[in-house]
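Participant: Input: one structure, supplied below.
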Amino acid sequence: MDKGRWIDSPMDDAKPARDAEEYLKKVTVGELKPHNAPIALVEYDPRWPGLFEREADRIRSALGDRALRVEHVGSTSVPGLCAKPVIDILLVVPDSSDEASYVPALEAAGYKLRIREPEWFEHRLFKGPDTDINLHVFSEGASEIERMLCFRDWLRTYEEDREKYARVKRELARRSWRHVQDYADAKGDVVREILDRACKNR
């Protein structure tokens, strides 16, 4: 799979239990390609917000009022945080399971559907036409939306947790991972710890 899925997004406990490899095969649209390497992290790049805005404009142009919300999420949305140079974008639509209402328009704009997860908030993920992005699509009201935004906003504000998260990311990134999603899953404990603190104080 291209570059993994939820790379720097918190994962809700409602995500189905799974054998990682079999689950990835099940939800990947197209060929699942192993990574089999360490994770390349880079320091924060001030150009990332501009890349997000360009993609957000393209998404809104493609979907019009069907794009209820378009947000920059993940580590590239947090100034000062190291990240994989992949722009994570949250797109909220009325019903993400109704692919006919938005997938053709996104595909016409150059986006490619790569993940379909009916069992996890009807999550869909697209890759971009010319910029390395993860476009996460959820239905309005899905609890994962607020979790992603809460995690982002907390890391933007609280330096101690931002640095803690960065340390864990760097330690894990040095290892070789069969799939990038395995690296994302390995961050689960620190993500849950920070997210619990963030949500209690929101």
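Participant: Output the direction-averaged projected area (hull surface divided by four) of the convex hull of the alpha-carbon atoms of region 114-193, in nm².
Facilitator: Result: a mean projected hull area of 6.7 nm².
Participant: In addition: State the extension gain, in nm to one decimal, for the chain segment bounded by E31 and S101, taking 0.36 nm per residue of separation less the distance between their alpha-carbons.
Facilitator: Working: separation 70, 0.36 × 70 = 25.20 nm, distance 2.48 nm.
Stretched fully, the E31-S101 segment lengthens by 22.7 nm.
Participant: If you don't mind, another one. Given the -39500 (n - 2.57) contribution per DSSP H run of 4+ residues, what per-residue ellipticity at 222 nm results for the chain, rounded to the nearest 500 deg cm²/dmol?
Facilitator: Working: 7 runs with 80 residues, N = 202.
Taken over the chain, the calculation gives -12000 deg cm²/dmol.
Participant: Please name which of A67, I115, S176 has its Cα lying farthest along the dipole of the chain towards the positive end, using unit charges on Cβ (Lys, Arg +1; Asp, Glu -1) and the Cα centre as origin.
Facilitator: Among A67, I115, S176, the one farthest towards the positive end of the dipole of the chain is S176.
Participant: So how many Lys-Lys pairs in region 33-188 land under 15 Å Cα to Cα, not counting same-chain pairs under 8 apart? List each step's numbers first, then the result.
Facilitator: Working: K33/K127; K84/K127; K84/K169; K84/K187; K112/K127; K164/K187; K169/K187.
The number of close lysine pairs in region 33-188 is 7.
Participant: Explain nothing, just the number: relative contact order of the chain, from Cα pairs under 8 Å at least 6 residues apart, as a whole percent. Write down the numbers at each step before the final one.
Facilitator: Values: 331 pairs, mean separation 56.6, N = 202.
Here the relative contact order equals 28 percent.
Participant: Another question, if that's okay. Once R0 is set to 30 Å, what does the formula 1/(1 + (r/R0)^6) return for the Cβ-Cβ distance between E140 and E22, expressed as a FRET efficiency to the nearest 0.05?
Facilitator: Numbers: r = 30 Å, r/R0 = 1.02.
Calculated transfer efficiency: 0.50.
Participant: OK, next. Extension gain R47-D132, at 0.36 nm per residue separation less the Cα-Cα distance, in nm?
Facilitator: Details: separation 85, 0.36 × 85 = 30.60 nm, distance 1.32 nm.
Once the chain is fully extended between R47 and D132, it gains 29.3 nm.
Participant: Here's another thing I want to ask about it. Could you compute the FRET efficiency for R202 and R178, with r as their C-beta to C-beta distance and R0 at 41 Å, rounded to 0.05?
Facilitator: Details: r = 35 Å, r/R0 = 0.86.
It comes to 0.70.
Participant: Using only Cα atoms, locate the centre of region 100-126 and the centre of region 145-171, then give the distance between them in Å, rounded to an integer.
Facilitator: When both Cα centres are located, 27 Å separates them.
Participant: Relative to the compact-globule scaling 2.2 N^0.38 Å, provide the ratio for the alpha-carbon radius of gyration of region 53-202.
Facilitator: 1.06
Participant: Which of the helices in the chain meet the span-like rule: DSSP H, Cα axial reach of 15 Å or more, Kyte-Doolittle mean at least -0.5?
Facilitator: Numbers: long enough: 48-63 (22 Å, -0.57); 143-157 (22 Å, -0.47); 159-173 (21 Å, -1.90); 188-200 (18 Å, -0.22).
Within the chain the helices that satisfy the rule are 143-157, 188-200.
Laboratory data are not the source of any read-out in this text; all were calculated from the coordinates shown. Since the model is a prediction, treat every value here as computed from it, not as a measurement. Because the Cβ atoms are built from the backbone with ideal geometry, glycine has one as well, and the counts that use them run over all protein chains shown.
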